[in-house]
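Trainee: I'd like to ask you about the structure that follows.
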Amino acid sequence: MTLPNLDFTHDPAAQSWVASANAEGCDFPLQNLPYGRFRRAGHNEDWRIGVAIGDQILDLRRAAERGRWETPLQVLLQPLAQGDLNALMAAPKAARVALRQALFRALQAGSPQQALLADALLAQHEAELALPCRIGDYTDFYTGIHHATTVGKLFRPDNPLLPNYKWVPIGYHGRASSIGISGQQLHRPWGQLKAPDADAPVFAPAKRLDYELELGLFVGPGNALGEPIPMAQADEHLFGLCLLNDWSARDVQAWEYQPLGPFLAKNFGSTISPWVVTMEALAPFRCAQQRPEGDPPPLPYLDSEANRSLGGLDLELEVWLQTAAMRAAGEPATRLMRSNFRHAYWTLAQMLVHHASNGCNLQPGDLLGTGTQSGPAADEGGSLLELSQGGKQALTLPNGETRSFLQDGDTVILRAHAQAGGARRIGFGDCAATLLAARAG
Ligand code: CA
């Protein structure tokens, strides 16, 4: 099958004049070109948007000043030079593609722009990264059917998957203000906890602290209030992806979640990776939507031939853990699991279209979480809740430590990469964050 939307920017043989981008296994080769918001570490200077290339960042403020760009591209670069990625997110897909093509040509080996742009690079280790854009609203979906089934079994052994699951892309409105960037440290939250045999809850630090392995979808152009987005136009509105750790306090969640769903168990912090990998970069990795034989077809407003054949995404996902003891001993993080986003029951397009189907207006830079992405096997759970079977079966780490849930000092690292025949491997960079002890009561 020939994939649509491929062009010279997906040529796996293309090389960059930034040597580190050509290294085997590099997350940010010339074919990726993800956007992030940065400034030089230790300098109180204005934020600007940059593009990750190898172990460097192309500073789009300097690039706009020094490079040679056609007028429409200069217009697109101006807000990026000022640190505003939302403006590019609001631009039509054709404009995003044109900028990607221009950046690719500028960074390609042999480009006449090399001499102009050589001092528009900053080493990533010298940069401070911020949230990539203004996130007006954040919604978290529940598209991982293996997660939904495993977690459902813990609560309802006879009826793990609720009857609406295969009809509705389930979601809830989250909290944008507490989204942080990779590298953050966050405190174990306090909350209401009620032991099953206790008469009343107590207010105390959560004990069952967990992560969730998710992707975050950034919305491109929005829709006006009252005007749904049809499936045929969904691609126009999908800007790109990041990794998302939806930190979860399971004991708070168990007590508070009925009848309105997650609340304080989720909104004390959510960590995202700093680089937004665009849908254009991910074009070679599209795949068919997975829907088992015999399942009901999506309702017409959530269905299209393009979505069935290419709505999925073949993206390898991993969770790594480094405990405080491992860090003190100089031991590297250990991988807890791997999974793949192709197992998601609902596609990115279906999340977006369902969200807007009642006329709800999405805006450029809104973040839609995919929900926890667990694989079909028991050791592919995207949270400790699943890997430890609700806390009953602790994992043993290589150094002999055990974990049912997270301990203070644990660093959780999410990683993702896409790899397919005929395409250059691309990655997302790390989404890492460390859990600190609860604040004193
Ligand atoms: Ca979640």
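Values quoted throughout were computed directly from the atomic coordinates according to the rules given, and no laboratory measurement underlies them. Everything quoted here is computed from the prediction, not taken from an experiment. Quick reminder, even Gly has a Cβ in these numbers, built from the backbone with ideal geometry, and neighbours come from all protein chains shown.
Trainee: Extension gain residue 301-residue 392, at 0.36 nm per residue separation less the Cα-Cα distance, in nm?
Mentor: 28.6 nm
Trainee: Considering all alpha-carbon pairs of the stretch 48-172, what whole percent are spaced by more than 19 angstrom?
Mentor: Percent of Cα pairs beyond 19 Å in the stretch 48-172: 60.
Trainee: Looking at the stretch 390-441, which trypsin sites (Lys or Arg not before Pro) are DSSP coil and have at most 12 other C-beta atoms within 10 Å of their C-beta?
Mentor: Hits after loop and neighbour filter: 392, 439.
Trainee: If each residue's Cβ is checked for other Cβ atoms within 10 Å, how do 237, 173, 147 rank with the fewest at the top?
Mentor: Least crowded to most crowded, the residues run 173, 237, 147.
Trainee: With +1 on each Lys and Arg Cβ and -1 on each Asp and Glu Cβ, how big is the dipole of the chain about its Cα centre, in debye rounded to the nearest 20?
Mentor: Once rounded to the nearest 20, the dipole reads 280 debye.
Trainee: Still on this structure: Nearest 500 deg cm²/dmol is fine: what mean residue ellipticity at 222 nm does the chain get from its DSSP H runs of n ≥ 4 alone, each adding -39,500 (n - 2.57), divided by its residue count?
Mentor: About -5000 deg cm²/dmol.
Trainee: Just to be sure I follow: if Rg is taken over the C-alpha atoms of the chain and Rh is the Kirkwood radius over the same atoms, what is Rg/Rh? Could the numbers behind the result be given before it?
Mentor: Working: Rg = 21.7 Å, Rh = 22.5 Å.
My calculation puts Rg/Rh at 0.96.
Trainee: Follow-up. Give me the base-10 log of I(q)/I(0) for the stretch 72-141 at each q in 0.20, 0.23 Å⁻¹, Debye formula, one uniform scatterer per Cα, rounded to two decimals.
Mentor: -1.07, -1.22
Trainee: When 1/r is averaged over all different Cα pairs and the result inverted, which Kirkwood radius in Å belongs to the stretch 22-71?
Mentor: Kirkwood hydrodynamic radius for the stretch 22-71: 12.1 Å.
Trainee: What is the order of 218, 104, fewest Cβ neighbours within 10 Å to most?
Mentor: Least to most surrounded, the residues fall as 104, 218.
Trainee: Take the alpha-carbon positions of the stretch 367-441, form their convex hull, and give its projected area averaged over all directions (one quarter of the hull surface) in nm².
Mentor: That works out to 8.3 nm².
Trainee: Mind jotting down the distance between the C-alpha centroids of the stretch 19-80 and the stretch 304-321, whole Å?
Mentor: 27
Trainee: What are the ³J(HN,Hα) values, in whole Hz, obtained from phi via the Karplus relation 6.51 cos²θ - 1.76 cosθ + 1.60 with θ = phi - 60°, for each residue of the stretch 371-386 in sequence order, with x given for Gly and Pro?
Mentor: x, 5, 9, 9, x, x, 7, 4, 8, 10, x, x, 8, 5, 3, 6
Trainee: Suppose the chain between residue 19 and residue 232 were pulled fully straight at 0.36 nm per residue; how much longer would it get relative to their current alpha carbon spacing?
Mentor: Details: separation 213, 0.36 × 213 = 76.68 nm, distance 3.97 nm.
In short, 72.7 nm is gained.
Trainee: Using a 10 Å cut-off around each Cβ, can you sort 214, 70 from fewest to most neighbouring Cβ atoms?
Mentor: Numbers: 214 31, 70 9.
Ordered by Cβ neighbours within 10 Å, fewest first: 70, 214.
Trainee: Please work out how much length the chain gains when fully extended from residue 177 to residue 327, using 0.36 nm per residue of separation minus the C-alpha to C-alpha distance, in nm with one decimal. Could you put the intermediate results ahead of the total?
Mentor: Values: separation 150, 0.36 × 150 = 54.00 nm, distance 3.01 nm.
Full-extension gain reported as 51.0 nm.
Trainee: So, one more: Given bins 5 angstrom wide, list per bin the percent of all Cα-Cα distances in the stretch 327-381, short to long.
Mentor: Values per bin, smallest distances first: 4, 14, 18, 15, 12, 12, 11, 7, 5, 2, 1.
Trainee: How would you classify the stretch 110-161 from its alpha-carbon gyration tensor, with a ≥ b ≥ c the square roots of the eigenvalues: rounded for a/c under 1.5, else prolate if a/b is greater than b/c, otherwise oblate?
Mentor: prolate
Trainee: Kyte-Doolittle cut-off 1.0, length cut-off 20 Å along the helix's own axis using Cα: show which whole DSSP H helices in the chain pass. Before the final figure, lay out each step's value.
Mentor: On the way: long enough: 93-107 (21 Å, 0.43).
For the chain, where a helix must reach 20 Å along its axis and average at least 1.0, there are no hits.
Trainee: Quick check for you: which residues of the stretch 163-200 have the amide N under 11 Å from the point 7 Å beyond the Cα of residue 263 toward its beta carbon?
Mentor: The answer is 192.
Trainee: Of the listed peptides 362-372, 32-42, what is their order by residue-averaged count of other C-beta atoms within 10 Å, with the highest listed first?
Mentor: On the way: 362-372: 24.9, 32-42: 21.0.
So the peptides 362-372, 32-42, ranked by packing, come out 362-372, 32-42.
Trainee: Okay, next question. If you keep only loop residues by DSSP, which GluC sites (Glu not before Pro) in the stretch 218-313 have at most 14 other Cβ atoms within 10 Å of their Cβ?
Mentor: Answer in residue order: 293.
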